[in-house]
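One structure is given here, and the rest of the page talks about it.
The values are calculated or read from the model by the stated rules, or taken from the named source; none is laboratory data. Bear in mind that the values here come from a model prediction, so they are computed numbers and not experimental data. Here the Cβ positions follow ideal geometry from the backbone for every residue, glycine too, while neighbour counts run over all protein chains shown. Surface accessibility is based on the protein's heavy atoms, side chains included, excluding ligands, DNA and RNA. Shrake-Rupley method; radii C 1.70, N 1.55, O 1.52, S 1.80 Å.
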Amino acid sequence: MITEIFRLAEGQEDEKIQRAAEIIRAGGLVAFPTETVYGLGADALREEAAAKIYAAKGRPSDNPLIAHIADRSALYELAASVPDWAERLADAFWPGPLTLVYPKKAIVPDGTTGGLKTVAVRMPSHETARKLIRAAGVPIAAPSANTSGRPSPTTARHVLEDMDGKVDCILDGGDVGIGLESTIIDATGPIPVILRPGYISVEMVREIVGEAETDRAVEHPLGQGETPKAPGMKYRHYAPRARLVIVTGGEEAVMERINGLTTEYEAAGTPCGVICTEETKAGYRCGNKKVIGSRKRQESIAHNLYAVLRQFDKEDTKVIFSESFDGGQLGQAIMNRLKKAAGYHIIRA
Ligand code: AMP
Ligand code: MG
């Protein structure tokens, strides 16, 4: 298959989006920008279209897909029941980077939900995504448009790196905004349970509904035989090819520890990388330093995380040491991705 790239140049957006929507209606695959990361879209109501997503990504078929909608009315066609508190969350954060999981109606094929009796639904805020969903006239199932296990794509170039020849077209809408996947909340129980942290933090959810919990699988590696509520949480994710190690502790101590490690590794002939910030860059003595962003603008760290991991893949780095980025609105989401990318390899400085 030849992958076409539709650049969304001014004045031509609508025509390109219409062509992409026709591909979705015909059962094909379209990668498109959202405010979180690029998605790999297909008709959520056609089992065989969803099957193409799994094949293109190399994604295990028990890892369900999120259905993207553009209008609230579409929710009630997919979800069998919606608790009051979930309505309030949708009122507060839709359109936006929030996914809610509901009991599903029969119209949603098992092939889209990985055999689960629930369906995950999100209403993205990105204009291109919304126009595409409306033009297609169906909910669009869209996981991140990366090869399974690799860092999620935040530019059309990242999508092409993984999906060239595997999807019908890529809508190139430039860089995404947030750079981390949506917050996923289980809306099948009495209170919200965060299954995957994202831009919408647990505190923001509590402000709307009073109480909220975070699923254990968000912070901890799963034990043998444990099944997470979001099946995707059990797979290694976001991983660069090099071994990634997170160093935690006070700023000075972390820098000193990383300097010690990179000096040692490089002396032994192992090329090292360092993930640092604008504030700390000057303090590292060796290793291939990459600035992920500024601690004064935490959103810059979220935005650049995947691009930095992908960049390391193009270079001859064998071990990457990263500072940690806990705290603040995005700390839980950034650290969740970073820990998974590191296979939970964390050392205290
Ligand atoms: P991705 O779209 O690649 O970011 O992955 C979607 C994530 O949503 C995966 O971690 C899935 O396990 C999770 N997910 C999708 N549908 C459901 C569902 N019905 N119940 C729980 N988690 C879900
Ligand atoms: Mg993904």
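Taking the criterion of being in contact (Cβ under 8 Å) with a residue 60 or more places away in the chain, closer than 21 Å to G189 by Cβ, open to solvent by 20 Å² or more (accessible area, probe 1.4 Å) and in a strand (DSSP E or B), would at least one residue in segment 117-126 satisfy it?
yes
Does segment 211-228 hold any residues that are touching a residue at least 40 places away in the same chain (Cβ under 8 Å), within 22 Å of P97 (Cα to Cα) and either more than 18 Å from the chain's Cα centre (by Cα) or away from ligand 2 (no atom under 16 Å from the Cβ) (or both), and which are they?
Scanning segment 211-228 gives T214, E219.
Restricting attention to segment 265-298, which residues are aliphatic (A, V, I, L, M), under 29 Å from I200 (Cα atoms) and not in a loop (DSSP other than H, G, I, E, B)? Spell out the reasoning first.
Just the residues of segment 265-298 that are aliphatic (A, V, I, L, M), to begin with: 267-268, 274-275, 282, 291-292.
Next, from what is left, pick out any that are under 29 Å from I200 (Cα atoms): 274-275, 291-292.
Answer for segment 265-298, where residues must be aliphatic (A, V, I, L, M), under 29 Å from I200 (Cα atoms) and not in a loop (DSSP other than H, G, I, E, B): V274, I275, V291.
From the list I170, I246, exactly one residue is within 26 Å of G327 (Cα to Cα) and in a strand (DSSP E or B). Which is it?
On the way: I170 fails: within 26 Å of G327 (Cα to Cα).
Just one listed residue meets the conditions, I246.
Take the residues in segment 188-242 that are open to solvent by 20 Å² or more (accessible area, probe 1.4 Å) and aromatic (F, W, Y), then tell me which one is modelled with the highest pLDDT.
Y199
One line per residue, one yes/no per condition, for (1) in contact with a strand residue (DSSP E or B) (Cβ under 7 Å, 6 or more places away or on another chain); (2) away from ligand 2 (no atom under 16 Å from the Cβ); (3) farther than 27 Å from G179 by Cβ; (4) modelled with pLDDT of 95 or more:
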site	(1), (2), (3), (4)
A31	yes, no, no, yes
I66	yes, no, no, yes
S73	no, yes, yes, yes
A92	no, yes, no, yes
Y102	yes, yes, no, yes
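How do the pairs read when you match residues in segment 236-264 that are touching a residue at least 24 places away in the same chain (Cβ under 8 Å) and more than 26 Å from G149 (Cα to Cα) with residues anywhere that are charged (D, E, K, R) and surrounded by 17 or more Cβ atoms within 10 Å (Cβ to Cβ), using Cβ under 7 Å and keeping only pairs 6 or more apart or on different chains?
Correct list of pairs: V254/E323.
With (1) farther than 19 Å from M233 by Cα; (2) among the hydrophobic types (A, V, I, L, M, F, W, C); (3) surrounded by 19 or more Cβ atoms within 10 Å (Cβ to Cβ) as the list, and L100 as the residue in question, which single condition is left unmet?
(1)
Within 26 Å of A49 (Cβ to Cβ) and within 16 Å of ligand 1 (Cβ to nearest atom) - does that describe any residue in segment 210-227?
Here is the first cut: in segment 210-227, the residues within 26 Å of A49 (Cβ to Cβ) are none.
Scanning segment 210-227, I find no residue that is within 26 Å of A49 (Cβ to Cβ) and within 16 Å of ligand 1 (Cβ to nearest atom), so the answer is no.
Would you please name the residue that is nearest to ligand 1 (Cβ to nearest atom), looking only at residues in segment 127-167 that are among the β-branched types (V, I, T) and outside any strand (DSSP E or B)?
Pass one, segment 127-167, residues among the β-branched types (V, I, T): 128, 133, 138, 140, 147, 154-155, 159, 167.
Still in the list and also outside any strand (DSSP E or B): 128, 133, 138, 147, 154-155, 159, 167.
Values: T128: 17, I133: 15, V138: 17, T147: 11, T154: 13, T155: 17, V159: 13, V167: 15 Å.
The residue in question is T147.
Looking at I178 and the list (1) closer than 18 Å to N63 by Cβ; (2) within 16 Å of ligand 2 (Cβ to nearest atom); (3) not aromatic (F, W, Y), which single condition is not satisfied?
Against the list (1) closer than 18 Å to N63 by Cβ; (2) within 16 Å of ligand 2 (Cβ to nearest atom); (3) not aromatic (F, W, Y), I178 comes up short only on (1).
Kindly establish whether L160 is open to solvent by 10 Å² or more (accessible area, probe 1.4 Å), touching a residue at least 12 places away in the same chain (Cβ under 8 Å) and over 13 Å from the mean Cα position of the chain (by Cα). Outline the logic, then answer.
Numbers: open to solvent by 10 Å² or more (accessible area, probe 1.4 Å): yes; touching a residue at least 12 places away in the same chain (Cβ under 8 Å): yes; over 13 Å from the mean Cα position of the chain (by Cα): yes.
Answer is yes for this residue.
Restricting attention to segment 273-285, does a residue exist that is more than 23 Å from the chain's Cα centre (by Cα), surrounded by 17 or more Cβ atoms within 10 Å (Cβ to Cβ) and among the basic types (K, R)?
no
Scan segment 127-148 for residues that are buried (at least 21 other Cβ atoms within 10 Å of the Cβ) and within 16 Å of ligand 2 (Cβ to nearest atom) and jot them down.
Once the filter is applied, which keeps residues that are buried (at least 21 other Cβ atoms within 10 Å of the Cβ) and within 16 Å of ligand 2 (Cβ to nearest atom), segment 127-148 yields A129, I140, A141, A142, P143, S144, A145, N146.
Take the residues in segment 299-349 that are among the hydroxyl-bearing types (S, T, Y) and in a loop (DSSP other than H, G, I, E, B), then tell me which one is most open to solvent (accessible area, probe 1.4 Å). Please lay out each step first, then the result.
Here is the first cut: in segment 299-349, the ones among the hydroxyl-bearing types (S, T, Y) are 300, 306, 317, 322, 324, 344.
If we keep only those that are in a loop (DSSP other than H, G, I, E, B) as well, we get 317, 324, 344.
On the way: T317: 16, S324: 16, Y344: 59 Å².
Residue satisfying both the conditions and the ranking: Y344.
Under the condition of being open to solvent by less than 40 Å² (accessible area, probe 1.4 Å) and not hydrophobic (A, V, I, L, M, F, W, C), which residue from segment 47-58 is farthest from P151 (Cα to Cα)? Break it down into steps so the answer makes sense when it comes.
Pass one, segment 47-58, residues open to solvent by less than 40 Å² (accessible area, probe 1.4 Å): 49-50, 53-54, 56-57.
Pick out the ones that are also not hydrophobic (A, V, I, L, M, F, W, C) and you get 54, 57.
Numbers: Y54: 16, K57: 12 Å.
Going through the qualifying residues, I end up with Y54.
Among the candidates E22, E35, E13, which residue alone is surrounded by fewer than 16 Cβ atoms within 10 Å (Cβ to Cβ) and either modelled with pLDDT of 95 or more or of a type in the set (D, E, K, R) (or both)? Walk me through how you get there before you give the answer.
Working: E35 fails: surrounded by fewer than 16 Cβ atoms within 10 Å (Cβ to Cβ); E13 fails: surrounded by fewer than 16 Cβ atoms within 10 Å (Cβ to Cβ).
So the residue among E22, E35, E13 that is surrounded by fewer than 16 Cβ atoms within 10 Å (Cβ to Cβ) and either modelled with pLDDT of 95 or more or of a type in the set (D, E, K, R) (or both) is E22.
Only one of D71, D84, D43, D62 is of a type in the set (D, E, K, R), closer than 21 Å to M123 by Cα, touching a residue at least 40 places away in the same chain (Cβ under 8 Å) and open to solvent by 50 Å² or more (accessible area, probe 1.4 Å). Can you tell me which?
Details: D84 fails: touching a residue at least 40 places away in the same chain (Cβ under 8 Å); D43 fails: open to solvent by 50 Å² or more (accessible area, probe 1.4 Å); D62 fails: closer than 21 Å to M123 by Cα.
Of the residues listed, the single one that is of a type in the set (D, E, K, R), closer than 21 Å to M123 by Cα, touching a residue at least 40 places away in the same chain (Cβ under 8 Å) and open to solvent by 50 Å² or more (accessible area, probe 1.4 Å) is D71.
Can you tell me how many residues in segment 6-39 are more than 22 Å from the chain's Cα centre (by Cα), among the β-branched types (V, I, T) and farther than 16 Å from I53 by Cα?
Counting residues in segment 6-39 that are more than 22 Å from the chain's Cα centre (by Cα), among the β-branched types (V, I, T) and farther than 16 Å from I53 by Cα gives 1.
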